[in-house]
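Please treat every number below as a calculation from the coordinates, not as lab data. All of these numbers come straight from a predicted model, not from anything done at the bench. Counting neighbours? That spans all protein chains shown, and the Cβs are built from the backbone with ideal geometry, glycine included.
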Amino acid sequence: MTTAAATKTEISPNLLSAYRRRDIGGYDELLGPGGAPRPHWQPLLASLDDLTADERQLRTTRLARRVRETGIAYDIFADPNTSAQRWTLDLLPIIISADEWSGLERALIQRARLFDALLQDVYGHQDLLTAGILPAELIFSDPAYLAPCNGIVPRSGGLMFYAADLARGEDGRWRVIDNHTETLAGIGFALANRVVHTHVAGDIFNGCNARRLAPYFQELQTTLTHHSGRENARVALLTPGPHHEDYFSHAFLARYLGYLIVEGHDLKTRSAQVYLKTLEGLKEIDLIVRCISGKSSDPLELDPTGFIGPSGLLRVCRASPHAVVNAIGTALAQNRGLGPYLPTLAHHILGEELELKDAPRRWLGDPDARQELFDHPDRFSIRKAQEGTGRPGQAALGWEARALATPEREKMKREIALHGATLVAEEKIGFSCAPIHGSDGLMPKPFAMRLFVSKDASGSYQVMPGGLAMSVDPDRAVALSAPEGQTRDVWVLAEGEQAPHISLWRPTLATARIERSQRVIQSRVADDLFWLGRYSERADWTMRVLRGALRRIEEDSAPDSGCRAARKCLEILFGKDLDLLARGREAKDDAEIERLCATLIAGGSGSRTLERTLDGLYRVAHLVRDRLSLEAWQTLSKFRSGETWREALNSSQPVEMLDILDEGIAAIASFNGFMHENMTRNFGWSFLDMGRRIERAQNLGEAILTLFIPLPDAEELSSNLLLLLELADSFITYRSRYRLDPMLPLVLDLLLLDETNPRSLSYQLSAIARHLESLPDSSPGSELPEDRRLIIALLTSIRLADVEAMAKEDDGAMLERLLMDQLDMLPELSNEISRHYFNVMEEAPHRAQTRVDPTI
Amino acid sequence: MIFEIAHKTHYRYHSTVVQSLHLMHMTPRALSGQVVRHHNLLIEPSPASRQAGVDVFGNPNLIVDIEAPHRELLILSRSTIEKHLPPSVKLSATTPWDALDFRLLRAANERDVHVLMFRCASRLTTPTLEIADYSVRSFAPSRPVLEGAMDLIMRIYNDFEFDPHATDVSTPVSQVFAMRRGVCQDFAHLALACLRARRIPARYVSGYLHTHPPVGRPKLQGADASHAWISVWAPESGWVDLDPTNGILARDEHITVAYGRDYDDVSPISGVLRGGGEHSVSVAVDVNMVADATAN
């Protein structure tokens, strides 16, 4: 070790004084038996010692902010009725010495090989069951055993990904407290933690000479490409969707590896192939990285109660076994009841000693184990043998026999006798502790950690040199049960120099190929982007109109006309409903206007209130989160995580409200700016922009109709013209062009006809026309698609309009007809685009079953 | 005996089905005592692809893709089946049910996974404590396993009422037990839950039953039905079929299509559709005896 920090040997006693005061028992990762820090923690302690307490606190704060901005901490778009998932990342990692790591690495690879072989057998010849080395009822009672997968798993290469949760007992030995063989088990969280931590404490990381993760993921990419059997493989990560607690991990990983993220209904299967539904028709998928549970992978042949995976996936796997990793059915190997049988299995299958044991457990399908439990109920806690894989830390707590009263105990005994094959009894093993950064400095805190294993290109296994550690409550937990979501990074120290830093975010020319082709756009994503465009424009417009109204009451000069103008503004938003809301009264005073503003912001059932619009915006942004640039995402999440923003808006006085609206408008503008600057101009962009343009055209049309039909008197006319220019953000354009007070024909020309003004109606329409031209026609034929016909009609009607003639008319009949035409056709255009590109014809899938229903 | 079976299923959809995918168990399997002389399956509209296979239990199955938009789906299965009387079984001479563990696990010979898998509860046959209590009365210690099983299905036959309106495909067995009513599929699941609560190997059988018209009346066409019953294992006899809906041992008028752990494994037609909205289905089954004895 060559860094200055590493060579420093004297650590100031203050750094560890709080840690030493709190001895909480268990194995101490940091301090050796003599009370001196273990050597492999020295470099970290030295780096920390170089920082002042304030600097350490500052970095902790910065970590919290980065965690929030990255989106790990809060599922900010989750249903507000569900409790937020908590996630914090400590400044202090868990340090593992190179020596200890090589033992763990060997042991985990052995376990992956063992589980792989076990799965091959259980889904193949079942020799282990026939010979009684593994109890058949342990396997067949597990709902994760998927009988239709027999014969598929052995041909598919079985277990690609494996993860293990480890805890160190009082005796200093690591034990596996849970196995994960279903999916990638939250590896994206570990990766995100590392990315965030490096941003804040990269210097400390470098000072410790800890191993980087990038080479592991590079190997993983190579392996998956190799597995798919094609050079430019189209790889997709199949997720249950944004509502799933693990979605962050899926999206983060997909983005890091450059893979598509897809949901079941994006896919279609034919006999031996999976296809992605895209704007350009069906595209072949070469490999699915499965992040959904095995039993929900195919509603046709597996669990008939859900529709998460694409129906027919299993028959694709039967024909092309390499199509899905992990193979469907692998969750079987994470059954907790297997623990006691692993040493024998290792002997029998691998001819090796099992290097790392499971925490002591009994499978309650075994009558002897049941008897032992009934004889010593206080020693054990009882848990399900099988548990789904979700967000790390969510393992259910055990069921404590000693906590039960006698009648309940009797009932529990009978339940165990009946369902023992699905249960395990386990003893506590304790957890080791390591320092976290607390308010008084370093504090000991027990933890468990998840380590990740995957196949490498040669067909053997590799272990990610890092992991995900979480703080646990040692009195309650036996598994990685950490609902507090306090996480730590895991640093594995390197022996000697490391290869130069490579990140998959910034591939070198050697590892990347130049790719200009469009990233494939799923029809569903196009739909979501279209609505993202509409909602962001609608949010901006709503806030502008509200601001316009409030400004007019604040202008003291002419209270009456101010009030009238403000009411006009609101009328733009409410449309015909205004009379209803105002209960037929003319708005006479400021208070009434404010009441209406409040209604517009949060109230009632109106579909266009600001509240509803923002909800819609967040909802669709969440759905396409992996398509948004980090900055765009952060802008939105900052805005939203200020729930205070909304509260302030609801409770404040008009003057403050104006400031708050300004803030909101700025946030949306910067979101739009990031989207505009950062998004590649592919079809996805076209849909986002079309959504925005349609919304803008419609808002503008409605505003002009409200303000000028019927034609107001001269005084109101000029006030309305100013208002319109303000709302359409075209005041400066007008002034620089005319240097005159606003006049109706000039304003109409600028906002209706001028195709160079990005705020004009015709600009929106011609932009939409250009987008539609560039899109692939999914059903080419001689007939013009309806969406193209509509845009031609819209553009023609506006281009032929004669604004001077319109302005001369007393009743505004021509202007009204033009606007009514536009406002009729715009929603139709929106519907036609949906129909043409988004498969709206396809309802959600559903089942039809016949029932055995005899008439005897 | 030789039977000709016609099983017609006709779906009518409220709106157009854009695409559908169906998994079928409609082809009777060949078994000892059951010869499939002829079978064919007509599907309209004609599927874009048909993948025939054999599932892990040995049942023939078929996956069909229908890619043409359709408002109706017709599936017509025709079979000619030759049935022989099963060997007679002395129920009281079977192994005591509580000695099965020894016979299945401790004896030195190889374990038969195809028996062991049917001792375990499945999604549709998970027993509750109440169901376990109900079953215990048929299984006094040391009672021969098939004698107990026969007693159990007779109790179900007597205690439960056949009622096609009380349940549907998704009614859990616990609810069937509480209501004391259901159809043959429910009674089969209940019997399986009872037997598996005692860890007795038992499987679900889907098939047809040849029915007799009331004396002096002609047999009505389409009045037969698909049927479900169970099969229980004893070391002496192997699998023996019992029909809890009718309270009888199955003889040569029960025609087996498929067996599995429960209905999920062998559902005659299970489809996933896009589009279609509401649907109605009409099923007509005719089982006609064409020869009384085996034609040699």
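Quick look at the numbers
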{"read-out": "Size of electric dipole in the range A:4-70: Cβ of Lys, Arg +1 and of Asp, Glu -1, about Cα centre, debye, nearest 20", "value": "280"}
{"read-out": "Segment A:Glu484-A:Ser439, extension gain: residue separation times 0.36 nm, minus the distance between their alpha carbons", "value": "14.5 nm"}
{"read-out": "Efficiency of FRET from Cβ geometry, B:Glu72 and B:Arg50, R₀ 22 Å, rounded to 0.05", "value": "0.75"}
{"read-out": "Inter-label distance, nm, simple model (7 Å from Cα along the C-beta direction), A:Leu58/A:Arg770", "value": "4.7"}
{"read-out": "Nitroxide proxy distance, nm - points 7 Å out along Cα→Cβ at A:His199 and A:Lys357", "value": "4.4"}
{"read-out": "Neighbour-count order for A:Trp101, A:Trp41, fewest beta carbons within 10 angstrom listed first", "value": "A:Trp101, A:Trp41"}
{"read-out": "Alpha carbon Rg of the range B:234-288, scaled by the compact-globule rule 2.2 N^0.38 Å", "value": "1.62"}
{"read-out": "Base-10 log of normalised Debye intensity for chain B (one unit scatterer per alpha-carbon) at q = 0.13 Å⁻¹", "value": "-0.96"}
{"read-out": "In sequence order, calculated HN-Hα J values of the range B:141-157 (Karplus, 6.51, -1.76, 1.60; Hz; x Gly/Pro)", "value": "x, 6, 6, x, 4, 6, 5, x, 5, 5, 4, 4, 5, 5, 5, 4, 4"}
{"read-out": "Distance violations [Cα-Cα > 23 Å] among A:Lys268/A:Lys295; A:Lys295/A:Lys384; A:Lys384/A:Lys413; A:Lys277/A:Lys638", "value": "A:Lys277/A:Lys638"}
{"read-out": "Chain A, helix-only ellipticity at 222 nm - DSSP H runs n ≥ 4, -39,500 (n - 2.57), divided by all residues, nearest 500", "value": "-14500 deg cm²/dmol"}
{"read-out": "Residues B:Thr94, B:Thr80, A:Thr733 arranged by fewest to most Cβ contacts within 10 Å", "value": "B:Thr80, A:Thr733, B:Thr94"}
{"read-out": "Overall form of the range B:180-296 per C-alpha gyration tensor (a/c, 1.5; a/b vs b/c)", "value": "oblate"}
{"read-out": "FRET efficiency for A:Asp127 and A:His226, using Cβ-Cβ distance with R0 set to 35 Å, rounded to 0.05", "value": "0.75"}
{"read-out": "Model label zone, A:Lys384; criterion: amide N under 14 Å from point 7 Å along Cα-to-beta-carbon; scope the range A:445-463", "value": "none"}
{"read-out": "Förster-model FRET efficiency, 22 Å R0, A:Thr796 and A:Arg681, C-beta, rounded to 0.05", "value": "0.25"}
{"read-out": "Global form of the protein assembly as shown, assessed from the alpha-carbon gyration tensor, a/c cut-off 1.5", "value": "oblate"}
{"read-out": "Note, ³J(HN,Hα) from phi for the range A:31-38, Karplus 6.51, -1.76, 1.60, rounded to Hz, x at Gly and Pro", "value": "9, x, x, x, x, 8, x, 5"}
{"read-out": "Residue order, fewest to most beta carbons within 10 Å, for A:Ser719, B:Ser280, A:Ser17", "value": "B:Ser280, A:Ser17, A:Ser719"}
{"read-out": "Pairwise label distance in nanometres, A:Arg155 with B:His212, each label 7 Å out on the Cα-Cβ vector", "value": "4.9"}
{"read-out": "The range B:72-190: relative contact order in percent, alpha carbon pairs under 8 Å with at least 6 residues between", "value": "27"}
{"read-out": "Positive-end residue, chain A charge dipole about Cα centroid, Cβ charges, pick of A:Thr756, A:Pro93, A:Ala319", "value": "A:Ala319"}
{"read-out": "Shape of the range A:237-280, Cα gyration tensor, a/c cut at 1.5", "value": "prolate"}
{"read-out": "GNM top mover of B:His279, B:His254, B:His38 - chain B, alpha-carbon springs below 10 Å", "value": "B:His279"}
{"read-out": "Ranked packing of A:48-56, B:114-122, most packed first, by mean Cβ within 10 Å", "value": "B:114-122, A:48-56"}
